[in-house]
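Below: one structure, written as structure tokens.
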Amino acid sequence: MRNKLFRRADILLVFACLLLAAVFFLQSFLSPSDGMAVIEQNGIEVGRYALSQIQKEEILQLPGEIDVQILLEPGAASFLSSDCPDQICVRTGKLTKPGEAAVCLPARVSLRIVSSQGETNGYDGITG
């Protein structure tokens with residue numbers, strides 16, 4: 001009698017687990033964002049926009065020594081353009097989920113997504 005490494009039930013169990021993991025993974029990317037885009041310039045909050053309530057694209061112009069344009073669109077926010085030399089803020093791309101952030105250091109402008117339920121308690125984690 002040959003001893004099989006995997007039985008049919010083992011393969012079905014592994015397949016079911018992989019399928020369930022794929023469903024949760026896709027759901028996290030396809031679910032609409034419930035975040036708020038928070039824009040700060042020179043450490044002062046300039047605006048707070050609910051991403052789920054934005055219906056059409058809107059461009060915000062932030063004048064300063066370095067001009068910055070921020071694009072707000074349904075479910076996402078991003079740096080559209082900046083006069084800074086390195087363009088890292090623009091290349092960061094679209095921010096859609098709470099916790100994501102982009103910063104233009106030369107212009108001292110930050111864009112971050114926070115949960116629409118409000119800020120957290122200020123702690124990243126608690127041990128002990």
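The values are calculated or read from the model by the stated rules, or taken from the named source; none is laboratory data. Predicted, not measured: the structure shown is a model, and the values here were computed from it. Ideal geometry is used to build each Cβ from the backbone, glycine not excepted, and the neighbour counts take in all protein chains shown. In case anyone asks, the SASA skips ligands and DNA or RNA and just uses the protein heavy atoms, side chains included. Shrake-Rupley method; radii C 1.70, N 1.55, O 1.52, S 1.80 Å.
Listed by chain and number, the aspartates and glutamates whose alpha-carbon sits under 20 Å from that of Lys56, ignoring those within fewer than 8 places in the same chain, are Asp34, Glu73. Counted residue by residue at 0.36 nm each, then reduced by the alpha carbon distance between them, the extension gain from Phe15 to Ser116 reaches 32.8 nm. Approximating the spin labels as points 7 Å out from Cα along Cα→Cβ, the Leu26-to-Gln55 distance works out to 3.2 nm.
Over the stretch 34-112, accessible surface divided per residue gives 55 Å², non-protein components excluded, 1.4 Å probe. Return the carbon/sulfur percentage of the accessible area of the stretch 1-91, one whole number, probe 1.4 Å, all protein chains in place. Result for the stretch 1-91: 61 percent of the exposed heavy-atom area is carbon or sulfur. Count Lys and Arg as plus one, Asp and Glu as minus one, and take only other residues whose Cβ is under 13 Å from that of Lys97; the net charge is then 0.
Calculate the tail of P(r) for the stretch 1-108: the fraction of all Cα-Cα distances greater than 22 Å, expressed in %.
Values: 2755 of 5778 pairs.
Within the stretch 1-108, distances greater than 22 Å cover 48 percent of Cα pairs.
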